[in-house]
1. Quick check: is even one residue across the stretch 105-119 touching a strand residue (DSSP E or B) at 6+ places or on another chain (Cβ under 8 Å), small (Gly, Ala, Ser) and either surrounded by fewer than 21 Cβ atoms within 10 Å (Cβ to Cβ) or in a strand (DSSP E or B) (or both)?
2. Suppose the filter is within 22 Å of Leu107 (Cα to Cα) and without any contact (Cβ under 8 Å) to a residue 40 or more places away in the chain; does Ile195 pass it?
3. Can you tell me which of Ser71, Ser106 is among the hydroxyl-bearing types (Ser, Thr, Tyr) and at pLDDT 95 or above?
4. Counting only residues that are buried (at least 16 other Cβ atoms within 10 Å of the Cβ) and part of a loop (DSSP other than H, G, I, E, B), how many does the stretch 1-45 have?
5. Answer yes if at least one residue in the stretch 253-261 is surrounded by 13 or more Cβ atoms within 10 Å (Cβ to Cβ) and modelled with pLDDT of 90 or more, and no otherwise.
6. If only one of Ile81, Ile116 is closer than 27 Å to Gly43 by Cβ and of a type in the set (Val, Ile, Thr), which one is it?
7. Take the stretch 86-104 and flag every residue that is within 24 Å of the chain's Cα centre (by Cα), more than 22 Å from Pro147 (Cα to Cα) and either assigned to a helix (DSSP H, G or I) or of a type outside the set (Phe, Trp, Tyr) (or both).
8. Would you be able to tell me the number of residues in the stretch 62-74 that are surrounded by fewer than 17 Cβ atoms within 10 Å (Cβ to Cβ) and either part of a helix (DSSP H, G or I) or of a type outside the set (A, V, I, L, M) (or both)?
Amino acid sequence: MPNEPLLEIKNLKKYFPVKKSSLFDKRRYLMAVDDINLKIRPGETLGIVGESGCGKSTLAKTIARLYEHTSGQIFFKNTEITLLSQKQLQPLRPKIQYIFQDPYESLNPRHTVANILEEPFIIHTDLSPLERKIEVKNLLEKVGLAPDSDQKYPNEFSGGQRQRIGIARAIALKPEILICDEPVSALDVSVQSQIINLLIALQQELNIAILFIAHDLAVVKHISDRIAVMYLGKIVESATSDELFKTPRHPYTQFLLDAIPNPNPAIKRVKRRIQGELPSPIDPAPGCRFQSRCPMATDQCKSLLPELLSLSDKHSVACHHQVDSVGNWSSPWAS
């Protein structure tokens, strides 16, 4: 895999101003994405995982320029796209495509599948109507749908089939990166694996990089080469998929791993359950963002924000408590 990143994010922030309750109140901000650094290489899948409300979808939409960033930089193939206007960004749009969480909301109910899938070709290519029709049928076949279903409307398909249409639209112009914003969370469990396997097959065929957003670590592990764990707008741990599952170094990551159901009832294990709710991202308290829910929190955690530091070339963690080489914690709940 080439060392040159396809997509690089440096110190990215996205803050939303909070409405004042009175004229004299101090301006406050919801810190949805707070100082994120990430790299994605060609053909690689980076998974972003965390609880609902931690800023995953905001990060994805900011990278895709669906939201304008507050500060920081986004580079695509060494071009800083945060400096580009929407008009300047248009030639790059085919290379960075987005798959939304709810396919029913993202597909126009008044358009047939043929109209939906033809639109990218009309905007970005000079193909004739006949050539566009052929491309639409090829796309449907590629995502596992009947080519003659192009005259149907979105409401005539199941949820999994609608997501296949969304994927077909995303790959129509042969993108270099797909941003998948929880693409299987709205689907039945039986359909989720089919969509994940379809994405893997398309990635191998088209050599597409994938940014995969989810809250389920088991799903992310199946598709990802690397995983970044996000909590309250920050990355708290990043590692290769195997390394993260083998030796999780952050207590929040361990809690997430413990929440994964084990299909083998013969295997007994101690489950550590996370306590409390996700704190508000509006003017968060100083120190570690996880301090209010962490059983290991000390005075240092409450006053000093930990940096994301490299433990190895495969693993980084933002935590004041160091762990040994096999990931053992000296903590009240370690087992």
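1. There is no residue in the stretch 105-119 that is touching a strand residue (DSSP E or B) at 6+ places or on another chain (Cβ under 8 Å), small (Gly, Ala, Ser) and either surrounded by fewer than 21 Cβ atoms within 10 Å (Cβ to Cβ) or in a strand (DSSP E or B) (or both).
2. yes
3. Result of the check over Ser71, Ser106: Ser71.
4. The total comes to 6.
5. Checked against the condition, which is being surrounded by 13 or more Cβ atoms within 10 Å (Cβ to Cβ) and modelled with pLDDT of 90 or more, the stretch 253-261 yields at least one hit.
6. Matching residue, one of Ile81, Ile116: Ile81.
7. Residues satisfying the conditions are Gln86, Leu89, Gln90, Pro91, Leu92, Arg93, Pro94, Lys95, Ile96, Gln97, Gln101, Asp102.
8. Count: 3.
The values are calculated or read from the model by the stated rules, or taken from the named source; none is laboratory data. Keep in mind that this is a model prediction, so the values were computed, not measured. A quick note on method: Cβ atoms are made from the backbone with ideal geometry, for glycine too, and the neighbour counts reach across all protein chains shown.
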